[in-house]
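Single-structure report; data block below.
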Amino acid sequence: MFKKIFLLLLTASITAFSETCEKPEIQHSFGFLEMGLQTGFYPWLPGISLGGGYRNQKDSRGYELSMNFSSSLIYTHVKGKALYLIYPTPKEDSQIYYGLGLGGGMFFVFPGCGLTAPFISPEIAFGCQYQNAKKKDRFVEIGLSWPFLYKDSHHHSEGWKDMIIPRVGFRYCIGF
């Protein structure tokens, strides 16, 4: 009798322990619209940024594909990027993440002057993804990129040149 009770309690405690240790499976994807601020050629003159994209998550890994348009008085740029995202503690309602990726696009400097430069840039992102009270997806992010511009002979030097300082961006995104 004692052995039966002991085995029953042992089985119940192992079952309860294993249920608390299981990680919930997260499969989540959504489209989003973004708005934010980004530095450009001059850090003291940020540009307003608008864009959109798609985000997909499976457990602690995910990816993002997005495109944005940013403009200030001195420059305008269009950029597409792909990010590989890592969620250290994945949860449905609120989670932090970081990501690495690659972006590319076109800078238009001094609108009307005809100076343009294609670019590629490594990307780093840190943020918080959450759901509001109505279970709508949102995320807030700080991103860093270091564009390499292509200058042709029209700009007096040919080849890929890096910008002197990295670009810093802040964005708030609304999922749909």
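For residue 40, what charge total do you get from the other residues with a beta carbon under 14 Å from its beta carbon, if Lys and Arg give +1 and Asp and Glu give -1? Mind dumping the intermediate values first?
Values: positive: 79, 167; negative: none.
Surrounding charge for residue 40 is +2.
Relative to the present Cα-Cα distance, how much length would full extension add between residue 56 and residue 136 at 0.36 nm per residue of separation?
Contour length minus Cα-Cα distance gives 27.3 nm.
Listed highest first by mean packing, meaning other Cβ atoms within 10 Å per residue, what order do 129-135, 28-34, 97-103 come in? All intermediate terms of the calculation are to be shown ahead of the outcome.
Working: 129-135: 12.3, 28-34: 16.1, 97-103: 18.4.
Output ranking for 129-135, 28-34, 97-103: 97-103, 28-34, 129-135.
Can you give the accessible area of residue 93 in Å² (nearest 10), computed on protein heavy atoms with a 1.4 Å probe?
Probe radius 1.4 Å; accessible area of residue 93 about 80 Å².
Give me the one-decimal nm value for the distance between modelled label points at residue 124 and residue 96, 7 Å along each residue's Cα-to-Cβ direction.
Here the answer is 1.5 nm between the modelled labels.
Ignoring any ligand, DNA or RNA, what whole percent of the accessible area of the range 98-149 comes from carbon and sulfur when the probe is 1.4 angstrom? Walk me through the numbers on the way to the answer.
On the way: 2050 of 2740 Å².
Carbon and sulfur: 75 percent of the exposed surface of the range 98-149.
Which order do you get for 146, 44 if you rank them by accessible area with a 1.4 Å probe, largest at the top? Walk me through the numbers before you get to the answer.
Working: 146 90, 44 175 Å².
Order by accessible area, largest first: 44, 146.
The values are calculated or read from the model by the stated rules, or taken from the named source; none is laboratory data. Given the structure is predicted, the values throughout are model-derived calculations rather than measurements. Ideal geometry is used to build each Cβ from the backbone, glycine not excepted, and the neighbour counts take in all protein chains shown. When the accessible area is computed, the model is the full protein with side chains, heavy atoms only, and any ligands, DNA or RNA have been set aside. Shrake-Rupley method; radii C 1.70, N 1.55, O 1.52, S 1.80 Å.
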